[in-house]
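First the structure, in the form of structure tokens, and then the observations on it.
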Amino acid sequence: MAIGINSGMSTALLAIEVFGIIAFASSGFIEARRKDMDLIGVFTVAFITAFGGGTLRDILLDRRPLFWVQHQEYTLLIFGLALIVLPLSHHLRSSTAERAIIFVDALGLGLFSAVGASVAQDAQMPIFVCVMMGVITAIFGGVLRDVICNEIPLVFRRGQLYATCAFIGSWVYLILDLADVHQTIALISSIFVTSTMRLLAVRFNLTLPA
Amino acid sequence: MAIGINSGMSTALLAIEVFGIIAFASSGFIEARRKDMDLIGVFTVAFITAFGGGTLRDILLDRRPLFWVQHQEYTLLIFGLALIVLPLSHHLRSSTAERAIIFVDALGLGLFSAVGASVAQDAQMPIFVCVMMGVITAIFGGVLRDVICNEIPLVFRRGQLYATCAFIGSWVYLILDLADVHQTIALISSIFVTSTMRLLAVRFNLTLPA
Amino acid sequence: MAIGINSGMSTALLAIEVFGIIAFASSGFIEARRKDMDLIGVFTVAFITAFGGGTLRDILLDRRPLFWVQHQEYTLLIFGLALIVLPLSHHLRSSTAERAIIFVDALGLGLFSAVGASVAQDAQMPIFVCVMMGVITAIFGGVLRDVICNEIPLVFRRGQLYATCAFIGSWVYLILDLADVHQTIALISSIFVTSTMRLLAVRFNLTLPA
């Protein structure tokens, strides 16, 4: 196992990163399958969705090796996941698929914004940059997924809260951490706030003023 | 204040960077508002337009911290600018908005190509790379703005001179600088050439041969 | 001449890189010309197609100077190439142009996947990452070309093998190299497999299962 910059990542953070990858890769599998892509297309979209946000974060922070170079098991994870998700996605009706994507995407949004904010903090970035990195890590993979699949990115569709949830969730983590709350609790609170807020926004069509 | 790579930037260069950010962020505000985006969308587009070109330049040159990480006041500047530009943009008719965007975009083009060329020169890049960095810094933010807002990027629309202006303006700066002209004068000449040329190109519909 | 990371590149590798640049730049020239872009547009597309994949690879691997910064003669090469390709492309009928693009693109695919895998190996990346870098180097320039020219990227069009060829070709190089075959032979075998496979895929419409 390579000894890298983030070898000191806590177990909680690693677990959250893994779940975030599973969530976003699944959304990629389902979306690409709906678009009737072939196997390589489906894998490409799943990889890009799962690794896009963290890669941009690592490039902006100049962290090397990139997180998926350091943890090669993440790539295997996506191959393994395909064996479970792809057969299932054959049986999804279109409306169910859409709801499934929104759900796993909301989960991934919460998980990755917490990871992103925490990684930036670890790199001793000022607090405002940590928030931006939380948002970028959370939304960029999904933006790439939607662009490739020729959808208007969720984040730019008018109305429903999206980036705002990641923004607020990142602040929750950083403020709790400043207040010396245990990191695991700060992470879980942040994830809970982001994902719940996103799901409520979809359910009740919450919007920002124009 | 962080002591970074570009802490030795001259006051003239800093002032030009600030004005470039104001120009491009304004173009982003107006464009996103025309597209009827919500508040978060409007801010996102303004940030990306103002910071996109310089970020790509910093990544290609491997400069860290990124210019907007080092100067966090730039982010606050965009928030402050919103308080002025957004209420105004409500009263713009569509044709006025279009002309306003072309004008601030031309200004930003001039300001950022001078900054980009000068930053690359500072990093001791060979002269041809300095020119490319001037062009990239000047046009990439606007390309991202247009892509996000679903417009064909100005730079790729057939005919009117655009990247060409940044290209010539970057040469102006670099040649004057080689000729030992005072940096401030070289910068101002470059900005004047680029922006004027771009505005004349729009006004008289100047084109390149196909 | 700058002494950089890849100054130790073998002559064979340099030659392959140069031919890859010629192939992809030509595909960019022809595609942009078909889209009726002006001169600057045509050059921009040719540059981006030829340098896009290698630039992303260098950024992901944190290699500086970028390969086209280190070898400035590559930029001149594209200018020179324009003098030959552009007058020719005027006389191409649309169907001929399409076939010409597919051919040079297949060639570039083979050349760049071999270069990409070999550069990553040189940077002592683990083997799986080397394969990914081969694929990324080979396909990313073409993706950008197609996106700018408003075509659905070849790689994401349903059915025909594309990224798969680069994937298999990268493995060919890496396995032959592990087996201590002379590097030049490993490179040529990899290029031959990738390009031939891609051309056969187009000719016989070979597809992957969905």
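Assorted remarks:
- Charge dipole of segment C:59-169 about the Cα centre (unit charges at C-beta), most positive-ward option of C:A114, C:L83, C:L154: C:L154
- Among A:D36, A:D146, the ranking by other beta carbons within 10 Å of each residue's beta carbon, starting with the fewest, stands as A:D36, A:D146.
- For chain B, with +1 on Lys and Arg beta carbons and -1 on Asp and Glu, the positive-most of B:A50, B:L208, B:C130 along the dipole: B:L208
- Ranked by the mean number of other Cβ atoms within 10 Å per residue, highest first, peptides B:68-78, A:25-35, A:191-201, A:111-121 order as A:111-121, A:25-35, A:191-201, B:68-78.
- Net dipole in debye of segment B:10-204 [+1 Lys, Arg Cβ; -1 Asp, Glu Cβ; about Cα centre; nearest 20]: 520 debye
- Here the ratio of the Cα radius of gyration of the protein assembly as shown to 2.2 N^0.38 Å is 0.95.
- Whether segment C:30-77 is rounded, prolate or oblate, judged on the alpha carbon gyration tensor where a/c under 1.5 counts as rounded: prolate
- Dipole magnitude of segment B:92-210, debye to nearest 20 (Cβ charges: Lys/Arg +1, Asp/Glu -1, about Cα centre): 480 debye
- Estimated FRET transfer efficiency (A:Q72, A:D122; beta-carbon r; R0 25 Å; 0.05): 0.75
- The smallest convex shape that holds all Cα atoms of segment B:1-120, its convex hull, gives 99 Å³ per residue.
- Extending 7 Å from Cα along the Cβ direction at C:S95 and again at B:V18 yields two label points whose distance is 6.4 nm.
- Helices of chain C meeting both criteria, an alpha-carbon length of 27 angstrom or more along the long axis and an average Kyte-Doolittle score not below 0.5, with helices taken as full DSSP H segments, are C:11-34, C:39-61, C:94-122, C:127-148, C:183-204.
- Shape class for segment A:10-204, computed from the alpha carbon gyration tensor (a ≥ b ≥ c): prolate, with a/c not under 1.5 and a/b above b/c.
- Modelled spin labels at A:I175 and C:T196, positioned 7 Å past Cα toward Cβ, are 6.5 nm from each other.
Any read-out appearing in this document is the output of simple, stated calculations on the displayed coordinates, not a laboratory observation. These numbers were taken from a predicted model, which means no experiment stands behind them. Note that each Cβ is placed from the backbone with ideal geometry, even for glycine, and that neighbours are counted across all protein chains shown.
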